[in-house]
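The values are calculated or read from the model by the stated rules, or taken from the named source; none is laboratory data. Treat the numbers as computed from the prediction; the structure is a model and nothing was measured. All Cβ positions, glycine included, derive from the backbone under ideal geometry; neighbour counts span all protein chains shown.
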Amino acid sequence: MEWIARALRNPNARITGAVYLLYFLTAISGSLLVGWPRLSLTVNLISTALYLGLTLLLYNLFKPVNKCLSLLAALFSLAGCAITALAFVDHAPSNISPLAFFGPFCLLIGYLIFRSTFLPRVLAVLMALAGLGWLTFLTPLANYLSLYLKVLGFVAELSLMFWLITKGVNVQRWKEQAGEADRE
């Protein structure tokens, strides 16, 4: 059990980035397997499970910034994953889009990045714009802006993923912020 406690005291940014990458690869693969319904369903459910794992890793990563907002972001993402998984098995409520949850999730992650001292703020701006973009899909504007919004969302999330894989976080600053959060 001590290894779990030790893992939670460290940011594990590169692991988070790797899970993000696996999610992207499986999500793209799932969309390419449209003609193979069972295989497509399996891959899409795996990608959703990876996003659930990513959600928990991001919660842990941003908990030192603001525990309540990090938890709220995780809850939005978990709700979006649940709607997505239900849609794959044709049980999702037809009037609820997962983007209604993933938009606020990205907005909150953008805010948490902005408030953090361990990631560059340009990632915060990109993630916040992606969140607004995902929410725009819930409006009639999406008909006109769809391609641009998708590109913006993918650029933002890919940027965060690549940053986490290649650079990680400033561990000293993460630990300082975690120490401050423990004192509060």
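Given (1) over 17 Å from Leu164 (Cα atoms); (2) surrounded by 20 or more Cβ atoms within 10 Å (Cβ to Cβ); (3) of a type outside the set (A, V, I, L, M, F, W, C); (4) over 14 Å from the mean Cα position of the chain (by Cα), where does Pro11 come up short, assuming only one miss?
(1)
Does Ser94 qualify as being of a type in the set (S, T, N, Q) and free of Cβ contacts under 8 Å to residues at least 40 places away in the same chain?
Against the criterion (of a type in the set (S, T, N, Q) and free of Cβ contacts under 8 Å to residues at least 40 places away in the same chain), Ser94 qualifies.
What are the residues in segment 99-157 that are touching a residue at least 60 places away in the same chain (Cβ under 8 Å) and either among the charged types (D, E, K, R) or under 13 Å from Gly80 (Cβ atoms) (or both), if any?
Matches in segment 99-157: Glu157 only.
All but one of (1) crowded, with 19+ Cβ neighbours inside 10 Å; (2) over 18 Å from Ala85 (Cβ atoms); (3) among the aliphatic types (A, V, I, L, M) hold for Val43; which doesn't?
In the conditions (1) crowded, with 19+ Cβ neighbours inside 10 Å; (2) over 18 Å from Ala85 (Cβ atoms); (3) among the aliphatic types (A, V, I, L, M), Val43 misses (2) alone.
Please determine, by comparing only the residues of segment 74-90 that are surrounded by fewer than 17 Cβ atoms within 10 Å (Cβ to Cβ) and without any contact (Cβ under 8 Å) to a residue 24 or more places away in the chain, which one is farthest from Gly110 (Cα to Cα).
Per the stated criteria, the residue is Asp90.
Is it the case that some residue within segment 27-42 is touching a Leu at 6+ places or on another chain (Cβ under 8 Å) and at pLDDT 95 or above?
Within segment 27-42 (the criterion being touching a Leu at 6+ places or on another chain (Cβ under 8 Å) and at pLDDT 95 or above), the answer is no, since none of the residues qualifies.
Scan segment 110-120 and give yes if some residue there is assigned to a loop (DSSP other than H, G, I, E, B) and at positive phi, otherwise no.
So far as segment 110-120 goes, no, none of its residues is assigned to a loop (DSSP other than H, G, I, E, B) and at positive phi.
Spot the failing condition for Leu147; the list is (1) surrounded by 16 or more Cβ atoms within 10 Å (Cβ to Cβ); (2) assigned to a helix (DSSP H, G or I), and only one is missed.
Of the numbered conditions (1) surrounded by 16 or more Cβ atoms within 10 Å (Cβ to Cβ); (2) assigned to a helix (DSSP H, G or I), the odd one out for Leu147 is (1).
Which residues, counting only those in segment 19-46, are farther than 20 Å from Leu160 by Cα, free of Cβ contacts under 8 Å to residues at least 40 places away in the same chain and in a helix (DSSP H, G or I)?
The answer is Ser29, Gly30, Ser31, Leu32, Pro37, Arg38, Leu39, Ser40, Thr42, Val43, Ile46.
Is it true that Ala49 is more than 23 Å from Leu164 (Cα to Cα) and in a helix (DSSP H, G or I)?
No: the conditions fail for Ala49.
Okay, residues lined up against (1) in contact with a Ser or Thr (Cβ under 9 Å, 6 or more places away or on another chain); (2) aliphatic (A, V, I, L, M):
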{"position": "Ile96", "(1), (2)": "no, yes"}
{"position": "Ile113", "(1), (2)": "no, yes"}
{"position": "Phe118", "(1), (2)": "no, no"}
{"position": "Leu123", "(1), (2)": "yes, yes"}
{"position": "Met127", "(1), (2)": "yes, yes"}
{"position": "Gly131", "(1), (2)": "no, no"}
{"position": "Thr139", "(1), (2)": "no, no"}
